[in-house]
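Peer 1: One structure, as structure tokens, below. Some questions next.
The values are calculated or read from the model by the stated rules, or taken from the named source; none is laboratory data. Values in this document were obtained by computation on a predicted structure and should not be read as measured data. Glycine also receives a Cβ, built like all others from the backbone with ideal geometry; neighbour counts cover every protein chain displayed. Surface areas here come from the heavy atoms of the whole protein model, side chains and all, with no ligands, DNA or RNA. Shrake-Rupley method; radii C 1.70, N 1.55, O 1.52, S 1.80 Å.
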Amino acid sequence: MAYSKGEHYDEKVTSGLIKTYKETLDLLGEDSEREGLQKTPERVAKAMQFLTQGYQMDANAILNSAKFHEEVSEMVIVKDIELYSMCEHHMLPFYGKAHVAYIPNGYITGLSKIARVVDVYSRRLQVQERLTQQILTSIKETLNPLGVAVVIEASHLCMMMRGVQKQNSVTTTSAFWGEFEKNETRSEFVKLISSKLH
């Protein structure tokens, strides 16, 4: 086989999580030994490691792995990047889209690396406000651009399933630095991410 993709889990972490989730099921009034739940603790243990894999990833290293010298200074936008994260307050998912732009200052990076930076920080226990800023900071520090902009639109299950139970609410956060702090540049970015060019 020329290509094979697999998943690898830390055995110590997995076994500890399995024990914890088995106890959790029993504390909730379930029978963790019944047929439908026997493998649930293992599945959840692996799922949680997958959903928080960002802790083992380095966003700056990812950007540096495909950093190229280019004499361009026009806005680069990667929009509608799907993101899935976990609210750190209730450990319930939030999901949506990130729109990321930067203005090069001698260096560009592979377009897929921008999406991977979003994954690095979203695959952690998060709050949307911090996630937005972390993406901006990583691009700013690594590429030293003239400006960076990040806008995230997300729906939070902690608001939809529990508490206030507002199913149609969407939270938007933004962070701007450098040239994007100027109204003209920021307006151009917002217009471009709002339009349907394809």
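Peer 1: Quick check on residue 165: is it more than 29 Å from residue 65 (Cα to Cα), outside any strand (DSSP E or B) and open to solvent by 10 Å² or more (accessible area, probe 1.4 Å)? Give the steps one after another, and end with the answer.
Peer 2: Details: more than 29 Å from residue 65 (Cα to Cα): yes; outside any strand (DSSP E or B): yes; open to solvent by 10 Å² or more (accessible area, probe 1.4 Å): yes.
Yes.
Peer 1: Sticking with this structure for a sec: Just to be sure I understand the filter: pairs with C-beta atoms under 6 Å, separated by 6 or more residues or on different chains, first member in the stretch 164-183 and touching a residue at least 40 places away in the same chain (Cβ under 8 Å), second member of a type in the set (S, T, N, Q). Which pairs pass?
Peer 2: Pairs found: 170/155; 171/128; 173/128; 173/132; 175/132; 175/133; 179/185.
Peer 1: For the stretch 102-125, how many residues are over 14 Å from residue 79 (Cα atoms), among the polar types (S, T, N, Q) and either more than 11 Å from the chain's Cα centre (by Cα) or surrounded by fewer than 22 Cβ atoms within 10 Å (Cβ to Cβ) (or both)?
Peer 2: The number of residues fulfilling the criteria is 2.
Peer 1: Also, I was wondering about something else. Cβ-Cβ distance below 8 Å, separation of 6 or more or different chains: which pairs start in the stretch 88-112 with a residue that is among the charged types (D, E, K, R) and end on one that is modelled with pLDDT of 95 or more and open to solvent by 20 Å² or more (accessible area, probe 1.4 Å)?
Peer 2: 88/125; 88/127; 97/79; 97/80; 97/82; 97/153
Peer 1: Taking residue 190, is it at pLDDT below 95, of a type in the set (A, V, I, L, M, F, W, C) and over 26 Å from residue 64 (Cα atoms)?
Peer 2: Numbers: at pLDDT below 95: no; of a type in the set (A, V, I, L, M, F, W, C): yes; over 26 Å from residue 64 (Cα atoms): yes.
The answer is no for residue 190.
Peer 1: Return yes or no: is residue 45 touching a Leu at 6+ places or on another chain (Cβ under 6 Å) and assigned to a helix (DSSP H, G or I)?
Peer 2: Working: touching a Leu at 6+ places or on another chain (Cβ under 6 Å): yes; assigned to a helix (DSSP H, G or I): yes.
Criteria met by residue 45.
Peer 1: Search the stretch 52-68 for residues being open to solvent by 50 Å² or more (accessible area, probe 1.4 Å) and touching a Phe, Trp or Tyr at 6+ places or on another chain (Cβ under 8 Å), and hand back the single one that is farthest from residue 125 (Cα to Cα).
Peer 2: The selected residue is 68.
Peer 1: May I ask you to list the residues in the stretch 4-18 that are assigned to a helix (DSSP H, G or I), closer than 12 Å to residue 47 by Cα and either at pLDDT below 95 or not β-branched (Val, Ile, Thr) (or both)?
Peer 2: Once the filter is applied, which keeps residues that are assigned to a helix (DSSP H, G or I), closer than 12 Å to residue 47 by Cα and either at pLDDT below 95 or not β-branched (Val, Ile, Thr) (or both), the stretch 4-18 yields only 17.
Peer 1: Quick check on this structure: which one of 129, 71 is under 13 Å from residue 153 (Cα atoms) and open to solvent by 10 Å² or more (accessible area, probe 1.4 Å)?
Peer 2: Values: 71 fails: under 13 Å from residue 153 (Cα atoms).
129 is the lone residue from the list that is under 13 Å from residue 153 (Cα atoms) and open to solvent by 10 Å² or more (accessible area, probe 1.4 Å).
Peer 1: Return only the number of the condition from (1) open to solvent by 40 Å² or more (accessible area, probe 1.4 Å); (2) without any contact (Cβ under 8 Å) to a residue 60 or more places away in the chain; (3) closer than 30 Å to residue 49 by Cβ; (4) part of a helix (DSSP H, G or I) that residue 186 does not satisfy.
Peer 2: Failed condition: (3).
Peer 1: What number of residues within the stretch 74-101 satisfy the criterion of being under 20 Å from residue 145 (Cα atoms) and either open to solvent by less than 40 Å² (accessible area, probe 1.4 Å) or not in a loop (DSSP other than H, G, I, E, B) (or both)?
Peer 2: So the first thing to find is which residues in the stretch 74-101 are under 20 Å from residue 145 (Cα atoms), and the list is 74-79, 98-101.
Add one more test, that the residue is either open to solvent by less than 40 Å² (accessible area, probe 1.4 Å) or not in a loop (DSSP other than H, G, I, E, B) (or both), and what stays is 76-79, 98-101.
Qualifying residue count for the region: 8.
Peer 1: Looking at residue 109, is it of a type in the set (Ser, Thr, Tyr), touching a strand residue (DSSP E or B) at 6+ places or on another chain (Cβ under 6 Å) and within 19 Å of residue 190 (Cβ to Cβ)?
Peer 2: Values: of a type in the set (Ser, Thr, Tyr): yes; touching a strand residue (DSSP E or B) at 6+ places or on another chain (Cβ under 6 Å): yes; within 19 Å of residue 190 (Cβ to Cβ): no.
No, not satisfied.
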